[in-house]
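Taking it in order: structure first as structure tokens, then the write-up.
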Amino acid sequence: MLTFDMDFQKLKNEIIEYSKTIGIDKIGFTTANTFSEMKNLLIRQEMLGYQSGFEEKDIDKRVDPSLIFDQPRSIIAIALAYPSRMENAPRSKKGERRGIFCRASWGQDYHDVLRNRLQKLEEYISSKVPDAKFKSMVDTGELVDRAVAERAGIGWSGKNCAIITPEFGSYVYLGEMITNLPFEPDEPMTDQCGTCNKCVDVCPTGALVEGGQLDAGKCIAFLTQTKGFLPDKYRTKLGNRLYGCDTCQTVCPENKRKDFHIHEEMEPDPELVKPLLKPLLTITNRDFKEKYGKMSGSWRGKKPIQRNAIIALAHYKDDTAIDELITVMKKDVRPVMRGTAAWAIGKIGHEQGFSALIEAKNVEKDKEVLAEINKGLKLLEEQK
């Protein structure tokens, strides 16, 4: 049975010091009270239809630790800084166009990295307090990581809906641990975005409706993870992004000159995070898992990445990819790939495209794919 006659301030200080030895860049403590402000925001998000669909459906569980942990007393929040630049990045050039994975997907899957740190922290605390209990979470847990980190003093919640730290900017991964230990809470950090509105102003799809308000369904980071046909209005916004979007971070003044290479697991492999596009069109499931399986950007499988690669080739108007795209349009068993390839062929506007699209139209049975073939033909006509 847990006794509370020990010095929890001393234990807190010991935990902070220990965290530095296991690769935790920032640590904070907060109460296990309900996150009332976040609850109001989530209710508003739901009312406006701004949810992505990937979230925990029960809003109360997302904001009330007592619904997911028996008698919580405090929460420990952690942050690990990740790199914002890579050395020897390969160049995209004609015939060898490349896509890009967002920075948060560089290196080993951050879920695994942070769980490793949290597990070490649990083991350390257990060695000090054998009756201590925990529930650790990274991103996929019920609680909103950002709300916990903000209240624990890790950073402030920026207008780009990311936690911004004075030390590392917003290039940090977040995790938290609910405990039955009564740690003294840290002071939350005051908002420091001020009048700056750059992230909202440059959001490619207008997903940042206003500072701190995100329409997740419009966010490119979300759109790159969907598996169906990408809506027409977003295809030209995707650029060469294969997974995620960094725009609202790269324009943030707080991220200027922030680039930390602290954790070896987070170092990017340039050929993986900025891969050639054409080989992605025919990559097998096995090869995809072997090459990209350790990255967080692979969690939805190869289908979204392949679809986005097709759109990226259209973005570049890469006519050297016409043969590969025609093969996808004619032979891929997945309608989304066939249809997206047909649209891309029209977008690129190569002379081979017209006859290939007509041939495909005469044999295609899927209505959605036929609609994309017609879009491709229309695009070719407009370019004549």
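Throughout, read-outs are computed from the coordinates displayed, never taken from laboratory work. The model shown is predicted, which means the values in this text are computed figures rather than measured ones. When we count neighbours, we look across all protein chains shown, and the Cβ atoms used for this are built from the backbone with ideal geometry, even at glycine.
Brief remarks on what is shown
- A crude spin-label estimate for the pair residue 366 and residue 286, with each label 7 Å from Cα along the Cβ direction, gives 2.5 nm.
- Summary value for the stretch 1-276: 28 percent relative contact order, contacts being C-alpha pairs under 8 angstrom separated by 6+ residues.
- With helices as the sole contributors, the chain gives -12000 deg cm²/dmol at 222 nm; each DSSP H run of n ≥ 4 counts as -39500 (n - 2.57), and the sum is divided by every residue.
- Estimated inter-spin distance, residue 334 and residue 201, nm [label 7 Å along Cα→Cβ]: 3.9 nm
- Net charge in the neighbourhood of residue 152 (other residues with Cβ under 9 Å of its Cβ; Lys, Arg +1, Asp, Glu -1) is -2.
- When the pairs 237/278; 237/258; 26/128 are compared against a 23 Å limit on Cα-Cα distance, 237/258 fall above it.
- Cα-based helix-to-principal-axis angle, 302-316 vs the chain, degrees rounded to 10: 60 degrees
- Cα-based helix-to-principal-axis angle, 8-21 vs the chain, degrees rounded to 10: 40 degrees
- Computed from the alpha carbon positions, the gyration tensor of the stretch 1-119 leads to an equivalent ellipsoid with semi-axes of 36, 26, 11 Å, biggest first.
- Residues residue 111 and residue 44, FRET efficiency given R0 of 41 Å [Cβ-Cβ distance, rounded to 0.05]: 0.90
- Extension gain for residue 132 to residue 262 (0.36 nm times residue separation, less C-alpha to C-alpha distance): 43.8 nm.
- Helix 110-128 vs. the chain, principal-axis angle (Cα, 0 to 90°, nearest 10): 10 degrees
- Where the Cα pairs of the stretch 299-377 fall when distances are cut into 10 Å bins, in %: 22, 58, 19, 1
- Measuring r between the beta carbons of residue 378 and residue 70 and using R0 = 51 Å, the FRET efficiency lands at 0.25.
- For the peptides 91-101, 242-252, 142-152, 335-345, the ranking by packing is 335-345, 142-152, 242-252, 91-101, with the highest mean count of neighbouring Cβ atoms within 10 Å listed first.
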